[in-house]
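The values are calculated or read from the model by the stated rules, or taken from the named source; none is laboratory data. Being a predicted model, the structure only gives us computed values, none of them experimental. We place every Cβ from the backbone using ideal geometry, glycine too, and count neighbours over all the protein chains shown.
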Amino acid sequence: MPKKNIVLIGFMGVGKGSLARELVRHDPALYALDTDDMIESLTNTRIKKIFATAGEAAFRALEQKTADWLAGNVQNAVISTGGGFYKVKNIKEIGTVVYLKADFEWIFQRILSAPNAKKKLKKRPLFQDAEKARALFAERFEAYEAAADIVIDVTQGERETLAKEILKKCAQKQK
Ligand code: S3P
C-alpha cells in the first residue's frame, strides 16, 4: 500500500512543526509526529546533549534509525523533521516529501521575532552562530529541493492557506 504520510523538510526554524500541527487540524485522519521529538524520546536525551556528548554522526545515525522505523511502521502521519533529516537514504519510502522553502533572512527573522527566540536558538547546536547557519543554508538549499516531491514557498501565504495547498498537492501525488 502506498504511504499516505506527509514528510516536511526544510531548514531550522522554517516552521515545520507548526505547519504539521496546522495540517492535522485540517485533516483529522492524520496524526503529527516529529523526528527530533522521537529521537529525544528514544534516547531520553535532548538533541543539544546528543550533539555535545555523542557527536553529530551519532545523531545522524539516530535519524536514519528513525527513518527506517517510520518507513516500515507509520501510516497517515504528518512528520516534521530536523533540518538535516533530508539526508536519510530512504526518505521517499516514508511518504510524500514536502520542502518548506524560504530564504535565510526570512527564517532568521522568524526565529528572532518569536517570543521565545533565545530558547529556540539555544536548543539548536547548528544555529549557535548566525554566519555558520547562513553558510549551512547555502550548502543545503539546492539539496532540499532535490529531495522533495513538492516545494512550497512558505513566505507566500498564511499558515492555513499553505496547509490547504499542501493537502491538495499531496492528495494529487498520493492518488
Ligand atoms: C538540525 C536541525 C535541528 C535538529 C538538529 C540538527 C540540522 O532540527 O535536528 O539540531 O542539521 O539542521 P530543526 O530543523 O527542528 O531545528
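The C-beta contact set for segment 86-105 (first residue in contact (Cβ under 8 Å) with a residue 60 or more places away in the chain and within 19 Å of Gly15 (Cα to Cα), second residue in a helix (DSSP H, G or I) and of a type in the set (Phe, Trp, Tyr), distance under 6 angstrom, 6+ apart or interchain) comprises Tyr86/Tyr144; Tyr99/Tyr144; Phe104/Phe137. Applying the set (1) more than 16 Å from the ligand (Cβ to nearest atom); (2) among the basic types (Lys, Arg); (3) closer than 22 Å to Thr161 by Cα to Lys101 leaves exactly one unmet item: (1). Going by what's in this entry, would Ala71 be described as in a helix (DSSP H, G or I), at negative phi and either of a type in the set (Phe, Trp, Tyr) or within 13 Å of the ligand (Cβ to nearest atom) (or both)? Taking the combined requirement at face value, the residue does not satisfy it. Report whether or not Ala163 is of a type in the set (A, V, I, L, M) and under 15 Å from Ile9 (Cβ atoms). Spelling it out, it is not the case that Ala163 is of a type in the set (A, V, I, L, M) and under 15 Å from Ile9 (Cβ atoms). For segment 58-77, state whether one or more residues are at pLDDT 95 or above, within 12 Å of the chain's Cα centre (by Cα) and within 21 Å of Phe141 (Cα to Cα). Taking every residue of segment 58-77 in turn, at least one turns out to be at pLDDT 95 or above, within 12 Å of the chain's Cα centre (by Cα) and within 21 Å of Phe141 (Cα to Cα).
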